[in-house]
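S.K.: Attaching a single structure in structure tokens format; questions to follow.
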Amino acid sequence: MLDCQVQGERPITITWRKNGMPLPFSPRVQVLENGTLLIQRFQKRREGIDADMGEYDCAAQNRYGLLVSRKAKVHLASLPKFHTDPVSMSVNEGGVARFQCQINGIPEATITWEKDKGPLNTSDSRYTLLPMGILQVTGVRKADTGIFRCVATNIANTRYSHDATLNVTGGAPRIYKEPVILSGPQNLTITVHQTAILECIATGNPRPIVSWSRLDGRSIGVEGIQVVGTGNLMISDVTLQHSGVYVCAANRPGTRMRRTALGRLVVQGETMKMLGIRILETKLLYQCHKVASKLLGIRTCISVCLM
């Protein structure tokens, strides 16, 4: 169901278009009395072409003019197989483990993790879940040995990834190991007011200290900044000023020995949602409706006058 609600002097005629063309109606596709478009028994394909998927817009017309809505894109909900499955690994006791799974769903799937076919105890602070289906396990213990897998869920389906076995080897001698960054920050593009999470997980003996800086030398700041897990950087409510190249450094305690990894964060301003309005005629009386929007983090107000 796609709504098309308008106010104005009646009679008002509501019409619908799909991909810029007038929408043919049938007992399966009809417009309700309030202007809502109802598509029953949604079809994926018909006669080799996409049936109901596409861009829809409505138009409302009376004797004073015509208003055209913005477009709404309708997809078929889907959840294909995982295109990245977690990989089995062996880790020394006290070390770090990392698993990742990736899947493309419409709408975006919710990712959870299981251990030995049961829900993972995410209340354990040693387990860190990040976007993009990443699971980090720090301070690995013998009890962490087991089989891990991803569970992806959306309205279309639920899928399980391949199993990945975590093997924990114990009693490792305390030998020196240089710092190694297992996974560093990836380039990320988001919109203002969203949350950015830059990954950095490192191993070594002694355990390296993870720190963050900006490549341009500017301060990262403290407001809205939080370290997740043992070294992941989370920036809440990002602004345009947060854009830049971020450097993750894994430092060996008490020395200048370190390893670095870089990732670029691009913060885009919110685009103003424009109303497609055409006025065919005018009359002396008019109404003004205030439309709230946000542009570059500044709240503005636009008056849209319907003549």
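The values are calculated or read from the model by the stated rules, or taken from the named source; none is laboratory data. Note that the structure is predicted; figures quoted are calculated from it, not measured. Glycine gets a Cβ as well: all are built from the backbone with ideal geometry, and neighbour counts include every protein chain shown. The protein model used for the area step is the full one, side chains on, heavy atoms only, and it has no ligands, DNA or RNA in it. Shrake-Rupley method; radii C 1.70, N 1.55, O 1.52, S 1.80 Å.
S.K.: So which of Lys44, Lys18, Lys81, Lys73 ends up being under 30 Å from Leu166 (Cβ atoms) and of a type in the set (Lys, Arg)?
M.R.: After ruling out the rest, the residue left standing is Lys81.
S.K.: Then there's this: Considering Tyr176, Tyr160, which residue is among the aromatic types (Phe, Trp, Tyr), open to solvent by 50 Å² or more (accessible area, probe 1.4 Å) and modelled with pLDDT under 95?
M.R.: Within the list Tyr176, Tyr160, the selection yields Tyr176.
S.K.: Return the only residue of Ser88, Ser78 being at negative phi and at pLDDT below 95.
M.R.: Residue meeting the stated conditions: Ser78.
S.K.: Could you check Phe148 against (1) among the aromatic types (Phe, Trp, Tyr); (2) more than 27 Å from Ala196 (Cα to Cα); (3) buried (at least 19 other Cβ atoms within 10 Å of the Cβ) and say which number it fails?
M.R.: (2) is the only condition that Phe148 fails.
S.K.: For the stretch 189-254, which strands (runs of 3 or more DSSP E) that fit wholly inside it have 2 or more residues that are without any contact (Cβ under 8 Å) to a residue 24 or more places away in the chain?
M.R.: Working: elements: 196-198, 201-205, 209-214, 225-228, 232-235, 244-251.
Of the strands (runs of 3 or more DSSP E) lying wholly inside the stretch 189-254, those with at least 2 residues that are without any contact (Cβ under 8 Å) to a residue 24 or more places away in the chain span 225-228.
S.K.: Can you name the residue in the stretch 1-44 that is part of a loop (DSSP other than H, G, I, E, B) and among the basic types (Lys, Arg) and is also nearest to the chain's Cα centre (by Cα) among such residues?
M.R.: Lys44
S.K.: Now, a different point. For the stretch 59-66, state whether one or more residues are among the charged types (D, E, K, R), open to solvent by less than 80 Å² (accessible area, probe 1.4 Å) and in contact (Cβ under 8 Å) with a residue 40 or more places away in the chain. Steps first, answer last, please.
M.R.: Residues of the stretch 59-66 among the charged types (D, E, K, R): 63.
Pick out the ones that are also open to solvent by less than 80 Å² (accessible area, probe 1.4 Å) and you get none.
Taking every residue of the stretch 59-66 in turn, none turns out to be among the charged types (D, E, K, R), open to solvent by less than 80 Å² (accessible area, probe 1.4 Å) and in contact (Cβ under 8 Å) with a residue 40 or more places away in the chain.
S.K.: I need the full set of residues from the stretch 104-143 which are of a type in the set (Val, Ile, Thr), exposed (fewer than 13 other Cβ atoms within 10 Å of the Cβ) and within 28 Å of Val180 (Cα to Cα), in order please.
M.R.: Listed by number, the list holds a single entry, Thr122.
S.K.: Quick one: Gln30 ticks every box in (1) open to solvent by 60 Å² or more (accessible area, probe 1.4 Å); (2) under 30 Å from Cys200 (Cα atoms) except a single one, so which number is it?
M.R.: (2)
S.K.: At least 2 residues that are of a type in the set (Gly, Ala, Ser) in each: list the strands (runs of 3 or more DSSP E) lying fully within the stretch 106-162 that qualify.
M.R.: 146-153
S.K.: Out of the residues in the stretch 204-225 that are of a type in the set (Ser, Thr, Tyr) and closer than 16 Å to Gly244 by Cα, state the one that is surrounded by the most Cβ atoms within 10 Å (Cβ to Cβ).
M.R.: Ser213
S.K.: In the stretch 76-103, how many are open to solvent by 40 Å² or more (accessible area, probe 1.4 Å) and either assigned to a strand (DSSP E or B) or within 19 Å of Pro24 (Cβ to Cβ) (or both)?
M.R.: Counting residues in the stretch 76-103 that are open to solvent by 40 Å² or more (accessible area, probe 1.4 Å) and either assigned to a strand (DSSP E or B) or within 19 Å of Pro24 (Cβ to Cβ) (or both) gives 8.
S.K.: Scan the stretch 278-296 and tell me whether some residue there is at pLDDT 95 or above, within 29 Å of the chain's Cα centre (by Cα), in a loop (DSSP other than H, G, I, E, B) and over 30 Å from Gln7 (Cα atoms).
M.R.: No, there is no match, as no residue in the stretch 278-296 is at pLDDT 95 or above, within 29 Å of the chain's Cα centre (by Cα), in a loop (DSSP other than H, G, I, E, B) and over 30 Å from Gln7 (Cα atoms).
S.K.: Which of the residues spanning the stretch 45-75 are at positive phi and in a loop (DSSP other than H, G, I, E, B)?
M.R.: If the condition is that a residue be at positive phi and in a loop (DSSP other than H, G, I, E, B), then Glu47, Gly48 are the ones that fit.
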